[in-house]
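Working notes, beginning with the structure itself.
Every read-out reported here was derived from the displayed coordinates using simple, explicitly stated rules and does not represent laboratory data. Please read all numbers here as calculations on a predicted model, not as lab measurements. So basically every Cβ, Gly included, is an ideal-geometry build from the backbone, and we count neighbours across all protein chains shown.
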Amino acid sequence: MIFTEIPEIRYEGAKSSNPFAFKFYDADKSVLGKPMSEHLPFAMAWWHNLGAAGTDMFGKDTADKSFGAGSDPLAHAKAKADAGFEFMQKLGIKYFCFHDADLISEAPTLKEQNANLDKIADYIRSKIDKTGIKALWGTANLFSHPRFMNGAGSSNSPDVFARAAANVKKSIDLTVKFGGKGFVFWGGREGYETLWNTDMKFEQENIAALMRLAVEYARAIGFKGDFYIEPKPKEPMKHQYDFDAATAIGFLRQYGLDKDFKLNIEANHATLAGHTFRHELKVSAINGMLGSIDANTGDALLGWDTDEFPYSVYDATECMYEVLKAGGLTGGFNFDAKNRRPSNTYEDMFHAFILGMDTFALGLLKAAALIEDGRVDAFVAERYSSYCSGIGAKIREGKTTLAELAEYAESQGEPTPPSSGKQEYLESVVNQILFG
Ligand code: XLS
Ligand code: CA
Ligand code: CA
């Protein structure tokens with residue numbers, strides 16, 4: 001045991017003042033006919049929770065994430081796995097997300113690296129067998145090592161492209177071994193700093209080629225899950241190709257990858273792109289591509305990727321409203337979030353997940369209440385109802401012509417002003433549901 005002082009975290013209700021209890025996340029509570037735990041398949045990010053120890057551009061680690069192991073890479077990798085599984089079990093979390101590079105520190109050659117990965121993968125698999133906790137998704141880290149400084153699929157070097165392919169292949173193998181539901185491509189270095197040295201079309205074609213090769217390999221070894229692109233507009237690159245959901249969807253359709261790929265939407269990336277989290281979820285959902293969610297938040301006053309634990313019940317409610325309307329996720333809710341640098345104890349790790357899980361539980365409860373209340377849905381349906389008959393129905397059914405519409409417009413005179421948008425009324429309904 002690593003977290004010896006921390007009890008199992010259980011639901012105690014909104015009145016509880018126990019810092020190690022859920023106030024709102026009640027796994028078995030039925031919401032719209034389904035237990036909360038099924039609406040909210042939560043996942044732990046291996047990199048943040050078991051790896052990130054507080055280092056930033058201005059200072060060193062503030063937390064100890066050695067988990068009692070010394071400097072031997074395999075011993076430390078195993079200690080991380082021990083800590084991770086104990087942590088997830090104590091919180092009732094059923095999934096984790098990982099990069100290949102999170103599992104064990106990198107060896108000098110690819111051969112040694114893969115051999116090390118096999119050792120730690122066997123260890124993790126034995127824990128999966130004991131606990132039933134599985135991977136939500138895996139991914140390859142194609143952005144940290146200097147070899148990827150010009151990108152992975154988009155690198156100007158075919159040798160680097162081949163190395164990226166090898167890492168993707170191994171990461172797919174690991175994802176399958178860990179029972180993963182999905183495989184993510186986050187294009188960390190797939191972008192550019194200046195168009196003076198960049199052939200954008202060439203780079204995008206190569207990224208698509210890497211993705212296509214990944215799909216072909218994964219399907220051939222029997223992987224049935226989804227691939228995901230995780231959009232992000234910038235950081236580390238000035239401009240990343242998968243800028244936002246709409247851009248990523250266009251890319252997937254352009255290169256015929258849209259049948260195998262969906263999107264993994266991260267809240268913090270949405271706001272960096274100048275959108276709301278809800279906007280990115282909606283764009284994905286209306287295109288049938290809402291796959292999974294990186295449940296975190298940025299900071300309204302900071303223009304970078306702060307990866308904070310979700311705290312805003314408004315944002316969580318908007319998110320869960322879109323998820324419920326979309327019929328749920330095929331993936332889940334990965335807390336791609338890290339403790340703030342001064343929150344550096346084991347206790348803080350648990351408080352962060354209690355906050356995140358309670359915030360999304362509240363979001364689910366409030367979104368379900370908004371749907372059951374029905375006023376918002378009724379308003380939106382009514383707002384477009386003039387398209388149900390007459391010339392409106394003809395437009396919707398594609399049964400009119402520009403000439404007919406011009407004639408109609410001339411005969412009707414000035415159109416009746418459209419009805420009020422009633423934003424303030426609707427926002428007050430939302431507040432009533434949240435706090436009433
Ligand atoms: C970085 C991304 C990354 C992906 C997985 O900003 O969020 O962590 O989720 O590579
Ligand atoms: Ca992410
Ligand atoms: Ca992020």
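Think of each Lys and Arg Cβ as +1 and each Asp and Glu Cβ as -1; about the Cα centre, that makes the dipole of the chain roughly 980 debye. Across the cross-link table entries Lys60/Lys119; Lys65/Lys232; Lys29/Lys60; Lys60/Lys282; Lys23/Lys259; Lys325/Lys399, which are compared at the Cα atoms, the separations over 32 Å belong to Lys29/Lys60; Lys60/Lys282; Lys23/Lys259.
Counting only Cα atoms, I'd like the Rg/Rh figure for segment 175-315, Kirkwood definition for Rh.
Checking Rg against Rh, the ratio lands at 0.97.
If you run the Gaussian network model on the chain, springs between alpha carbon atoms under 10 Å, then out of Val160, Val168, Val184 the most flexible one is Val160. Rounded to the nearest 10 degrees, the angle from helix 402-412 to the longest Cα principal axis of the chain is 50 degrees. In percent, rounded to a whole number, the relative contact order of segment 1-158 is 20, using alpha-carbon pairs under 8 Å and six or more apart. For the chain, the relative contact order works out to 15 percent when only alpha carbon pairs closer than 8 Å and six or more residues apart are counted. Can you find, among Cys319, Leu402, Phe335, the residue sitting farthest towards the positive end of the charge dipole of the chain, where Lys and Arg contribute +1 and Asp and Glu -1 at Cβ? So the residue we want is Phe335. Largest mean-square fluctuation among Asp358, Asp373, Asp294, in a Gaussian network model of the chain whose springs join Cα atoms under 10 Å apart, belongs to Asp373. Taking each of Lys80/Lys127; Lys34/Lys224; Lys78/Lys130; Lys90/Lys177 in turn, the alpha-carbon distance tops 20 angstrom for Lys34/Lys224; Lys90/Lys177.
Between helix 245-254 and the chain there is an angle of about 90 degrees, using the helix long axis and the longest principal axis of the Cα atoms.
Once you list every other residue whose beta carbon is under 12 Å from the beta carbon of Ala79, what net charge do they have if Lys and Arg are +1 and Asp and Glu are -1? Neighbour charge sum, excluding Ala79 itself: -1. Taking a ≥ b ≥ c as the square roots of the eigenvalues of the alpha carbon gyration tensor, segment 133-254 is prolate, as a/c is not under 1.5 and a/b beats b/c.
Of the residues Gly398, Gly327, Gly180, the one that moves most in a GNM of the chain with alpha-carbon contacts below 10 Å is Gly398. Across all Cα pairs in segment 321-365, the calculated P(r) in 10 Å bins from zero up to the longest distance comes to 23, 44, 24, 10 percent per bin.
Applying both filters, DSSP loop and at most 12 other Cβ atoms within 10 Å, to the trypsin sites (Lys or Arg not before Pro) of segment 41-95 gives Lys60.
For the chain, the fraction of C-alpha pairs more than 42 angstrom apart is 20%. With respect to the chain, whose longest principal axis is taken over its alpha-carbon atoms, helix 346-373 is tilted by about 20°. Partners of Lys422 within straight-line reach, counting aspartates and glutamates whose Cα lies under 19 Å from its Cα and excluding those fewer than 8 residues away in the same chain: Glu318, Asp373, Asp377, Glu382. Considering only Cα atoms, the convex hull volume of segment 77-188 works out to 93 Å³ per residue. Calculated mean residue ellipticity, 222 nm, the chain: -14500 deg cm²/dmol, from DSSP H runs (n ≥ 4) at -39500 (n - 2.57) each, averaged per residue and rounded to 500.
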